[in-house]
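FYI, it's all coordinate maths here, none of it is from the lab. Everything numeric here is computed off the predicted structure, so don't read it as measured data. Reconstructed Cβ throughout: ideal geometry from the backbone, glycine too, with neighbour counts over all protein chains shown.
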Amino acid sequence: MSESPLPTPLSSHPIGVFDSGYGGLSVLRELRRVLPNEDYIYLGDSGRAPYGGRDLATVLDFAEQCVDLLFAEGCRVVVVACHTVSCVALRHLQQLHAGTDRRILGVTIPAAENAVAVSKGHIGFLGTRRTVSSHTFRTEVAKLDSHVKVTEVAAPLLAPIVEEGWEDSDIARLSVEQYLSQVGDVDTLVLGCTHYPLLRAVFEQSLPKEVHLLDPAPYVALRLVDWFGRHPEFRSQGTGKLRVLSSGDTVRFAKNATRFLGSVPPLIEHVAERNGRLIFSPEGEEPTGQFVRVV
């Protein structure tokens, strides 16, 4: 892999995108495809991923920290690419910043709209435990069409499998088959976690040919274009530049980013939590072995 280019200056108000890891880069890729002249900042909280098994208070805390950092870096619009955060914390984040010139958008409603548009009456939805237990996707589908049945199944093993890079393994195949056996006779299956599209080939091998397999990312991007059409004051013409931030191993993140973006990302900037907020922090400063917190 060639050396990543250095970060370049962005417009004063880039679009912020964040996810618990690198899965949300699939959403970013679609956003850049339909809005190529916008500048972007992507934050992957990979050092604390996955979010799906976290308690609610922790998810809210992490989401607040991610959004606050992106706003501090000049973003006025933030796209929550993480399905877990979109399902359980979006309203909290929106109310927290109500009355400001900032907007926070999620992926759940576009995912529901896309699924209802193609479904013949029975939608399957796979996501993290926290995403599924919220039943937010089911609620949004019911608002659109109360006659559509939704079967939600938690698939907690899939995100870690992708994080480990085991998409082509027997573990991935067996896990997907096990979760699909719980979904039942659906005509549409929604990949309700941004990590899952990397397992698309495994899903396609295991699903009947007639089942629609939906990655919401392309539709999320189209909905943002529509949103900007109704809110042109939030457009900030850039030149297509990108910054990428990660709270985890930046070398590993860069490798995975290349796979999702289809191009080499800029130099990954490292962030870390300090006193309840994310700040820029040089990688490698964490102590090893035993240590004592100063109080």
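Worth pointing out:
- Put a dot 7 Å past the Cα of ARG293, heading toward its Cβ, do the same for ASP145, and the two dots end up 5.0 nm apart.
- SER247, SER263, SER133 arranged by Cβ crowding within 10 Å, fewest neighbours leading: SER263, SER133, SER247
- Helical mean residue ellipticity (222 nm; -39500 (n - 2.57) per DSSP H run of 4+; nearest 500) of the chain: -12000 deg cm²/dmol
- Sparsely packed GluC sites (Glu not before Pro) within region 128-219, loop by DSSP, other Cβ within 10 Å at most 12: GLU164, GLU210
- Under 27 Å between alpha carbons - lysine pairs in the chain that sit 8 or more apart or on different chains: 5
- For the chain, the longest site-free run once trypsin sites (Lys or Arg not before Pro) in DSSP loop states with at most 13 other Cβ atoms within 10 Å are removed: 1-119
- Pair-distance distribution of region 111-215: all C-alpha pairs, bin width 5 Å, starting at 0; shares per bin in whole percent are 2, 13, 26, 26, 18, 10, 4, 1.
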